Amino acid sequence: MGIVFPATVNNNAELKIITGNANRPLAQRIAEHLDRPLAACTVTRFSDGEVFVQIDENVRGSDLFIVQSTNTPAENLMELLMLIEAARRASAKRITAVIPYFGYARADRKDQPRVSITARLIANMITVAGADRVLTMDLHASQIQGFFDIPSDHLYSAIVFNDYFLALGITDPVVVSPDVGSIKMARAFAKTLSCGLAIIDKRRPQPNQAEVLHIIGSIAEKTVILRDDMVDTGGTLTEAAQAVRNGGALKIFACCTHPVLSGKSLERIAASPIERLLVADTIDISERRLPANIEVISTARLFAEAIARIAHEQSVSALFPGEPDRSEDERGREPIRKSHKNPPTARKNAPTGA
């Protein structure tokens, strides 16, 4: 059953969804949840490889959502930019770039001399192309939202994975962060499942020596759930799985939002002690031959719900009462706005926003 709401939304604009070639299956499922067809558009290549984009129906005055991940090849990013630009020239009232997987997110800082902060560059390109809003999921670094000069909404896949593991009824599980970069995500995940947390700390004692993996926390005789935002080459994930197996873990599950799965990742995962790896459908891997221990879970309903809320000018953050990017103290503290008209003793807490 789809999410039911009127075809005309609060801003008197008709909601329409279009997509490029990056992840058409996900876009189709989102449209089905919203009980409407994908808007017609043509996205092809010229004989020399250049991208051609044309929206094949009227979108003037519409509330347009463009679903397109920006994983490789680079043509996926070009398709998104060209669809946004075409929609702007076609007089869409509002253009929202729905980017299930925001590629280049790992280039979010200048960690070496003379390197590009590509995540900021991509954000600028999307803004200049004409997008009015961005909707994405599980950014590699949440502060990338600040790279955009337009409103952005950040969805968390945890709500999908949480339901899956709660349904399994695992007794005494422990969530493990495969590296220090995933601690926030793993901690929030462990809190939702009401279980313990462990961290794998990788260190290289000296140059040219193999990394030593230290497990901080208790995982012996327990079911381990490795949690990360993406799986690329699979090296970090499979090394972590082997480390917790050597540490006495009984069963090993893993969940990673974005299945980049480059290089020999599939072979590594198939040969690893991971009993089941759950990934989201933010990247289309339907044409790939996956090993038996990889399972894909759809995020289509979550994206559809977020799109419906944006169309109705409703809160998107209300979908995630325990978002991992703010501490428990911060979530309980209301911001205070200073007023020059009232004395300090008369200050009031600002109302809670979306």
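The values are calculated or read from the model by the stated rules, or taken from the named source; none is laboratory data. As the structure is a computational prediction, the values presented were derived from the model and not from experiment. In this analysis, Cβ positions are derived from the backbone assuming ideal geometry, glycine residues included, and neighbour counts consider all displayed protein chains. Accessible surface areas use protein heavy atoms only, side chains included; no ligands, DNA or RNA. Shrake-Rupley method; radii C 1.70, N 1.55, O 1.52, S 1.80 Å.
Here's the yes/no breakdown for (1) modelled with pLDDT of 90 or more; (2) closer than 24 Å to ILE159 by Cα; (3) basic (Lys, Arg):
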site: ASP172; (1), (2), (3): no, yes, no
site: PRO178; (1), (2), (3): yes, yes, no
site: LEU193; (1), (2), (3): no, yes, no
site: ASP201; (1), (2), (3): no, no, no
site: GLN206; (1), (2), (3): no, no, no
Only unsatisfied item for ARG106, checking (1) of a type in the set (D, E, K, R); (2) at pLDDT 95 or above; (3) open to solvent by 30 Å² or more (accessible area, probe 1.4 Å), is (2)
message: I'd like to check something: does segment 22-29 contain any residue that is part of a loop (DSSP other than H, G, I, E, B) and either of a type outside the set (Asp, Glu) or modelled with pLDDT of 95 or more (or both)?
response: yes
The lone condition GLY49 fails out of (1) modelled with pLDDT under 95; (2) not in a loop (DSSP other than H, G, I, E, B) is (2)
Checked pairs for segment 19-30, first in contact (Cβ under 8 Å) with a residue 60 or more places away in the chain, second open to solvent by 10 Å² or more (accessible area, probe 1.4 Å) and of a type in the set (Phe, Trp, Tyr), C-beta under 9 Å and 6 or more apart or across chains, list as ALA22/TYR101; ASN23/TYR101
The strands (runs of 3 or more DSSP E) lying entirely within segment 55-173 that contain at least 1 residues which are aromatic (Phe, Trp, Tyr) and touching a residue at least 24 places away in the same chain (Cβ under 8 Å) are 63-67
Is it the case, given these coordinates, that ILE122 is open to solvent by less than 40 Å² (accessible area, probe 1.4 Å) and touching a Leu at 6+ places or on another chain (Cβ under 9 Å)?
yes
Just to be sure, is ILE200 crowded, with 17+ Cβ neighbours inside 10 Å and in a helix (DSSP H, G or I)? no
Of the candidates VAL160, VAL98, VAL128, the one satisfying the condition of being crowded, with 17+ Cβ neighbours inside 10 Å and at pLDDT 95 or above is VAL98
Within segment 294-324, residues being part of a loop (DSSP other than H, G, I, E, B) and either in contact with a Leu (Cβ under 6 Å, 6 or more places away or on another chain) or basic (Lys, Arg) (or both) number 0
